[in-house]
Amino acid sequence: MSWGMQWDDGQVVGVLLDLNQRTMSFTLDGSYAKPMGLAFENISFIGGVMPALTSNPGFTGKLNFGSAPFKHALPSGALAVQEAVKERQHVLSLPQSRDELEWSPVDD
């Protein structure tokens with residue numbers, strides 16, 4: 001396996017999605033050390049993001065999107081999915097201006 005590794009019962013696999021840098025990284029027990037770390041880059045996020053899990057039959061585990069404390073600290077500036085959703089809901093609930101705004105997409 002050139003990237004990633006198998007994990008054992010009781011280990012924690014973390015997922016970090018950076019929407020600004022357009023990357024996805026994985027940790028094992030809080031470590032980004034190879035062969036974990038950056039897995040995907042230059043991701044195009046079109047229409048949002050939906051957390052998902054694929055597993056083999058018989059898999060058991062817990063998914064924590066932020067409703068409970070994380071076993072390992074998040075990187076500086078990162079938000080749990082639950083917090084990011086709350087932040088987005090707050091922004092959407094703010095009063096909207098009726099003024100027309102001009103805007104242009106930013107080219108990378």
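Each row is one residue, and each column tells you yes or no for (1) at pLDDT below 85; (2) under 20 Å from R22 (Cα atoms); (3) in contact with a His (Cβ under 7 Å, 6 or more places away or on another chain); (4) in a loop (DSSP other than H, G, I, E, B).
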{"residue": "L63", "(1), (2), (3), (4)": "no, no, no, yes"}
{"residue": "F70", "(1), (2), (3), (4)": "no, no, no, yes"}
{"residue": "A73", "(1), (2), (3), (4)": "no, no, no, yes"}
{"residue": "V91", "(1), (2), (3), (4)": "yes, no, no, no"}
{"residue": "R98", "(1), (2), (3), (4)": "yes, no, no, yes"}
{"residue": "L101", "(1), (2), (3), (4)": "yes, no, no, yes"}
{"residue": "V106", "(1), (2), (3), (4)": "yes, yes, no, yes"}
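Residues in the stretch 17-36 that are closer than 15 Å to A73 by Cα and open to solvent by less than 50 Å² (accessible area, probe 1.4 Å): how many?
Of the residues in the stretch 17-36, 6 are closer than 15 Å to A73 by Cα and open to solvent by less than 50 Å² (accessible area, probe 1.4 Å).
Can you say whether Q82 is modelled with pLDDT under 90, surrounded by 10 or more Cβ atoms within 10 Å (Cβ to Cβ) and either not in a loop (DSSP other than H, G, I, E, B) or not hydroxyl-bearing (S, T, Y) (or both), as far as the supplied structure shows?
So Q82 fits the description; yes.
Taking the stretch 9-34, which residues are under 15 Å from the mean Cα position of the chain (by Cα), outside any loop (DSSP other than H, G, I, E, B) and among the hydroxyl-bearing types (S, T, Y)?
Selection gives T23, S25, T27.
For the stretch 35-48, give me each residue that is of a type outside the set (V, I, T) and either part of a strand (DSSP E or B) or at pLDDT below 90 (or both).
Within the stretch 35-48, G37, L38, A39, F40, E41, S44, F45, G47, G48 meet the criteria.
The values are calculated or read from the model by the stated rules, or taken from the named source; none is laboratory data. Computed from a prediction, not measured in an experiment: that's the story for all the values here. Reconstructed Cβ throughout: ideal geometry from the backbone, glycine too, with neighbour counts over all protein chains shown. Accessible surface areas use protein heavy atoms only, side chains included; no ligands, DNA or RNA. Shrake-Rupley method; radii C 1.70, N 1.55, O 1.52, S 1.80 Å.
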